[in-house]
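Bear in mind that the values in this text are calculations on the coordinates, not laboratory data. Here the structure is a predicted model, which is why all the values come from computation and not from measurement. For neighbour counting, all protein chains shown are included, and Cβ atoms are generated from backbone atoms with ideal geometry for every residue, glycine included.
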Amino acid sequence: MKKYLLLSILAISSVVIKAQQISYSSNVLKKKFETLTVYTTAENTNLRLSKTTCHKFKKATQPLETEISVFVDPRKTFQTVIGIGGAVTDASAEVFAKLNAENQKKFLEAYFDRDEGIGYSLLRTTIHSSDFSSASYTYIKDGDQNLKSFSIEHDKKHRIPLIKKAMAIGGDQMLLYASPWSPPAFMKSNGTMLNGGSLLPKYYASWATYYTKFIKAYEKEGIPIWGITIQNEPMANQRWESCIYTAEEEKEFIKNYLGPIMEKEGLGDKKIIVWDHNRDLINDRANTIFNDPEAAKYAWGIGFHWYETWAGGDPMFENVRKVKESFPDINIIFTEGCVEKFDAKKYHFWPNAERYGKSIINDFNSGAVAWTDWNILLDQRGGPNHVENFCFAPVHAITDTNELIFTPSFFYLGHFSKFIRPNARRIGTSTSRSVLTSTSFVNIDNQIVTVVMNSTDSAITYNLLVDSNTVEIEIPAHALQSLVY
């Protein structure tokens, strides 16, 4: 009897889910597709998120095998987007503070104003220092296990003012989450915030409480914290702030310490994100934590980075998709990516932008609900960084001359963040040839956005087919397009 009752419940649930999908897409299909606007960024041109062409749809016919096509099906709906954005680190805030008032305004509008810029809707920040700080620091005095000296006074100089400015422009939809790079040195097995080490079990409760004090201190400053990740890159022994957690250790920490203490402190509504590292080991981490109901009940989702290619090979998008297949109800979020090994000669190196385009399209198509870039701003050295781990950012400031450099990566990011808004739903999209990659979303106002990337050396003419409507579009070589209709 119980077996049949369970099957009935599952069947009803399936019908409800399908009904929701049909309801969501039916409003789109009721509207007649008439016009489409194309925005383009392309190498060896002046096109940077430029409105390039407008088209009228016509009735579709059977596409030929010799043609290149992008197929969009609004009836097939998937995950809901939370936001797209980047990280406000100490480095970004310190560089921003050196800009004159005119360039500060220009920078803020470029990132956070949807009309004048690319409309970021998601921010990440650090819990005390990371390598992208001018020095290591914490919010307590050394050895203060009881956290009586806890203070975020350091952050009030540069980081908090920048976050407040960004949120003021971004509006109510802007979400902020935070990540630690290392517990204080005295809490760790190696006695230093740098070079890996692990959190000593006797400090599990103290460290878990540290997160709650951070959240409450920031919220006292008028900055809502949407969520936290447990540890940035928990399997990376870095020369900068880092801390190792095995899958079992992270499960133990969230299940018996962080989760319960967050609830006890009245912060049970904050999202807790596990892993926060590369795609390579994401499945093992997901299996360990989400197969344990007592740990899984505290974990809102799992975060990932893109640095698994450091040893060669291709990005492991399939691993993200497999996590979604195994745990369809959990949230998957891209928490960090940047182009490493800064070189001032490569500000406008196009493959850097294409790395962003490829990752964002494939990560969303694999089930990600959000995508977060790393530093939103760095200086002419790719820093400041206290261990000289200099990297690229989408925007650099030449602090000597007060010049802002907007790299192609900034515009590639904007093709997504400007048009794909919070609460958009991903819809079915496929291409008939591998020369193009694509993803599509429908916003809550029923506006559809299809992003198409061409990373080949030649311009390509393709057909966009939506339901029974079609339009022919040309995309230049090494270009990204946002189709809005």
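Which one of Ala168, Ala295, Val442 has its Cα pushed farthest toward the positive end of the charge dipole of the chain, where Lys and Arg give +1 and Asp and Glu give -1 at the Cβ? Projecting each Cα onto the dipole axis, the largest value belongs to Val442. Checking the Cα-Cα distances for Lys51/Lys271; Lys324/Lys358; Lys76/Lys418; Lys105/Lys324 against a 28 Å cut-off, the pairs over it are Lys51/Lys271; Lys105/Lys324. Secondary structure note: in the chain, about 55% of the DSSP beta bridges are antiparallel.
Using the empirical formula 2.2 N^0.38 Å as the baseline, the Cα radius of gyration of region 229-279 reaches a ratio of 1.22.
Length, then width, then depth: along the principal axes, the Cα atoms of region 368-485 run 55, 35, 24 Å. For Lys345 and Arg433, a Förster radius of 45 Å and the Cβ-Cβ distance give a FRET efficiency of 0.85, rounded to the nearest 0.05. Between the residues Ile333, Gly383, Ser468, the greatest Cα displacement towards the positive end of the dipole of the chain, with unit charges on the Cβ of Lys, Arg, Asp and Glu, is found for Ser468. Considering helices alone, the calculated mean residue ellipticity of the chain at 222 nm is -9000 deg cm²/dmol, with DSSP H runs of length four and up weighted by -39500 (n - 2.57) and normalised per residue. When the alpha carbon gyration tensor of region 151-238 is reduced to an equivalent ellipsoid, the three semi-axes, largest first, read 28, 13, 12 Å. What the Cα convex hull of region 257-371 gives, in volume per residue, is 125 Å³. Distances between every pair of Cα atoms in region 307-456, grouped in 10 Å steps from 0 to the bin holding the largest one, split as 10, 36, 35, 16, 3, 0 percent.
Within region 106-171, report the chymotrypsin sites (Phe, Trp or Tyr not before Pro) that DSSP leaves as loop and that have at most 16 other Cβ atoms within 10 Å. Loop-located and lightly packed - Tyr137.
Shape summary of region 245-316, radius of gyration then Dmax from alpha carbon positions: 13.5, 45 Å.
Helix 350-365 axis versus longest C-alpha principal axis of the chain: approximately 90°, rounded to the nearest ten. For region 413-442, backbone nitrogen atoms closer than 15 Å to the point 7 Å from Thr45 Cα along Cα-to-C-beta are found at 415. Summary of the geometry: region 336-413 and region 136-188, compared by the centres of their Cα atoms, lie 23 Å apart.
Taken along the Cα-to-beta-carbon direction at a fixed 7 Å, the label points for Thr192 and Glu472 span 6.5 nm.
Just one of [x] 0.94; [y] 1.00; [z] 0.98 is Rg/Rh (Cα atoms, Kirkwood Rh) as worked out from the coordinates here. Which one is it? Only one listed value fits the structure, namely [z].
Value of Rg to Rh for region 183-335, rounded to two decimals, is 0.96; Kirkwood radius and Rg both from alpha-carbon coordinates.
With the cut-off at 1.5 for a/c, could you classify region 69-182 from its C-alpha gyration tensor as rounded, prolate or oblate? Oblate shape, in that a/c is at least 1.5 and b/c is the bigger or equal ratio. In this simple spin-label model, placing a label point 7 Å from the Cα along the Cα-to-Cβ direction at both Asp284 and Thr246 gives a separation of 1.1 nm.
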